[in-house]
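A.B. asks: Here's a structure for you.
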Amino acid sequence: MNSKISGDTASAFSVRKAIRSWAQPLAGVAIVFAVWYLVCKAEILSVYVLPTPEKVFHSFLKMLQSGELARDIGISFLRVLKGFAIAFVLAFVLGMFRALFPETFGYYEHTVQFFRNVPPLSMIPLLILWCGIGETTKTVIIVLASFFPMYLNIVKGFTGCDKKLLEVGTMFGYSERQKFFRIVLPYAMADILVGMRIGLGYSWRAIIGAEMVAASTGLGHMILFAQQMSRTDKVIVGILVIGIVGYVTDRFFGAFISIFLKGSGENGWN
């Protein structure tokens, strides 16, 4: 009898926890839209500056039905994936080189730190001169934006491995290569995945800026074109869509990290 009561209590607690985890974000979104609606209703700002939620939603449906929105989302998403993949490969290879040959890092570490502090968007004028306004420019911008957070996390994971584990590997007769792949790499996996998650967010930030300057398609171009046509409602649709797509991709990546690391890689945010 007591075990049944305990089971019912635990089940009720789980349900309440699940409801609360969904209710709080939804309440936050509802508050934002309520304030937006009240500001428009009170005519604090003109409709040109801040269109009503109804007008924005109507524009969203029209853009969705015409296929315009899906096309721009798909183009931006593919650009992000391409640049992100290239940046990860470069970051992983350089981080692995840093771990396997620590005596060489002085030759390139200062250069890496220098470019880490240069905003990628400041490179757009130069990249346009070199590469034009094609895909290469946007890919390079994404690589520059997402490379450094991934590289820093990968290096942190590789160089932060427990020395006692390496000593155990030495006792078992592991070579440096075996110690790297059997001890260091699994130990660093949490930092690598978290770095990839951060880099993915930076990729979305970078592609929007790049598309506003050097593109004729994509979400960034859509927002800029809407601004030039004085379509504030489309500008807001673009901003909301970017936030939603970025949030969804981040949540999927976060879920992958949680599954892959069995919940041991939360690192401060869910």
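A.B. asks: Restricting to segment 33-57, name every residue that is touching a residue at least 60 places away in the same chain (Cβ under 8 Å) and of a type outside the set (F, W, Y).
C.D. replies: Going residue by residue through segment 33-57, those that are touching a residue at least 60 places away in the same chain (Cβ under 8 Å) are 48-51, 55-56.
Within segment 33-57, V49, L50, P51, K55, V56 qualify.
A.B. asks: Within the group F105, F97, which residue is over 19 Å from M222 (Cβ atoms), in the same structural domain as R205 (by TED's automatic domain parsing) and in contact with a Lys or Arg (Cβ under 9 Å, 6 or more places away or on another chain)? Steps first, answer last, please.
C.D. replies: Values: F97 fails: in contact with a Lys or Arg (Cβ under 9 Å, 6 or more places away or on another chain).
On inspection, the qualifying residue turns out to be F105.
A.B. asks: Can we say F180 is crowded, with 16+ Cβ neighbours inside 10 Å and more than 25 Å from the chain's Cα centre (by Cα)? Walk me through it before giving the result.
C.D. replies: On the way: crowded, with 16+ Cβ neighbours inside 10 Å: yes; more than 25 Å from the chain's Cα centre (by Cα): yes.
Taking the combined requirement at face value, the residue satisfies it.
A.B. asks: Taking segment 201-237 as the region of interest, how many residues are in contact with a Phe, Trp or Tyr (Cβ under 6 Å, 6 or more places away or on another chain) and not small (G, A, S)? Steps first, please.
C.D. replies: The first filter runs over segment 201-237 and keeps only residues in contact with a Phe, Trp or Tyr (Cβ under 6 Å, 6 or more places away or on another chain), leaving 203, 237.
Filter once more, so that each one left must be not small (G, A, S): 237.
Counting residues in segment 201-237 that are in contact with a Phe, Trp or Tyr (Cβ under 6 Å, 6 or more places away or on another chain) and not small (G, A, S) gives 1.
A.B. asks: Something else now. Could you run through segment 110-133 and say how many residues are surrounded by 13 or more Cβ atoms within 10 Å (Cβ to Cβ) and more than 30 Å from S216 (Cβ to Cβ)?
C.D. replies: Here the count works out to 2.
A.B. asks: Output the number of the condition that C40 fails; it satisfies all remaining conditions of (1) under 25 Å from the mean Cα position of the chain (by Cα); (2) among the hydrophobic types (A, V, I, L, M, F, W, C); (3) surrounded by 14 or more Cβ atoms within 10 Å (Cβ to Cβ); (4) not assigned by TED's automatic domain parsing to the domain that holds G246.
C.D. replies: Here C40 clears every test but (1).
A.B. asks: Using the structure shown, decide if A99 is closer than 24 Å to V143 by Cα, under 23 Å from the mean Cα position of the chain (by Cα), of a type in the set (G, A, S) and assigned to a helix (DSSP H, G or I). Steps first, please.
C.D. replies: Numbers: closer than 24 Å to V143 by Cα: yes; under 23 Å from the mean Cα position of the chain (by Cα): no; of a type in the set (G, A, S): yes; assigned to a helix (DSSP H, G or I): yes.
So A99 fails the test.
A.B. asks: I need a count of the residues in segment 212-238 that are closer than 17 Å to V143 by Cβ and modelled with pLDDT of 85 or more. Walk me through it before giving the result.
C.D. replies: Initial filter on segment 212-238 (closer than 17 Å to V143 by Cβ): 213-215, 218, 220.
Now narrow it down to the ones that are modelled with pLDDT of 85 or more: 218, 220.
Number satisfying all stated conditions: 2.
A.B. asks: Quick one: which residue in A190, A206, A145 is farther than 16 Å from L100 by Cα and over 15 Å from the mean Cα position of the chain (by Cα)?
C.D. replies: Details: A206 fails: over 15 Å from the mean Cα position of the chain (by Cα); A145 fails: over 15 Å from the mean Cα position of the chain (by Cα).
Being farther than 16 Å from L100 by Cα and over 15 Å from the mean Cα position of the chain (by Cα) holds for just one of A190, A206, A145, which is A190.
The values are calculated or read from the model by the stated rules, or taken from the named source; none is laboratory data. None of these values were measured; they are calculated from a predicted model. Every residue, glycine as well, gets a Cβ built from its backbone with ideal geometry; the counts of neighbours run over all protein chains shown.
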